[in-house]
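The values are calculated or read from the model by the stated rules, or taken from the named source; none is laboratory data. Since we're looking at a predicted model, the values are computed, not measured. Cβ placement follows ideal geometry from the backbone for every residue including glycine, while neighbour counts extend to all protein chains displayed. Side chains included, ligands, DNA and RNA excluded: accessible areas come from the protein's heavy atoms. Shrake-Rupley method; radii C 1.70, N 1.55, O 1.52, S 1.80 Å.
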Amino acid sequence: RGILFELYDVIRERKEKLPEGSYTTYLFTKGIDKILKKVGEENAEVIIAAKNNSKSELVYEASDLIYHLLVLLVEQGIELDDIFSELASRRK
């Protein structure tokens, strides 16, 4: 759980400062359409990796998907605690 918060904070900081040469800056500069396109692409790559039954490929692609999903959450102003609260509420 800690690494998700750490990565989320780095992404949020990049959105605020927009450091030159950062891929995250590139995504925020291109806007929501580019971010959504990347989430969709990574989602498809996760599906293909799972279909190929390749654990290493699935781990790699799932990591890409999680990163791009975090970029989307930051872009939309959604905190990780909101996600964790929703998930916790589903356990009841």
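What the table below lists for this structure:
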{"read-out": "Residue with peak Gaussian network fluctuation, the chain [Cα springs, cutoff 10 Å], from Glu20, Glu79, Glu57", "value": "Glu20"}
{"read-out": "Listed residue (Ile66, Pro19, Ala88) projecting farthest to the positive dipole end of the chain, Cβ model", "value": "Ala88"}
{"read-out": "Separation in nanometres of the label points that stand 7 Å from Cα toward Cβ, at Ile48 and Ser22", "value": "2.9"}
{"read-out": "Per residue, in Å², the accessible surface of the chain once ligands and nucleic acids are set aside, probe 1.4 Å", "value": "70"}
{"read-out": "Residue of Glu61, Glu16, Glu45 that the Gaussian network model of the chain assigns the largest fluctuation, springs spanning Cα pairs under 10 Å", "value": "Glu16"}
{"read-out": "Residue-span extension gain [Asp82 to Ser56] - 0.36 nm each, minus C-alpha spacing", "value": "6.4 nm"}
{"read-out": "MRE, 222 nm, helices only [DSSP H, n ≥ 4, -39500 (n - 2.57), over the chain, to nearest 500]", "value": "-27000 deg cm²/dmol"}
{"read-out": "Three semi-axes of the equivalent ellipsoid, the chain, Cα gyration tensor, whole Å, largest first", "value": "22, 19, 12"}
{"read-out": "Within the chain: Cβ-based charge dipole about Cα centre, in debye rounded to nearest 20 (Lys, Arg +1; Asp, Glu -1)", "value": "220"}
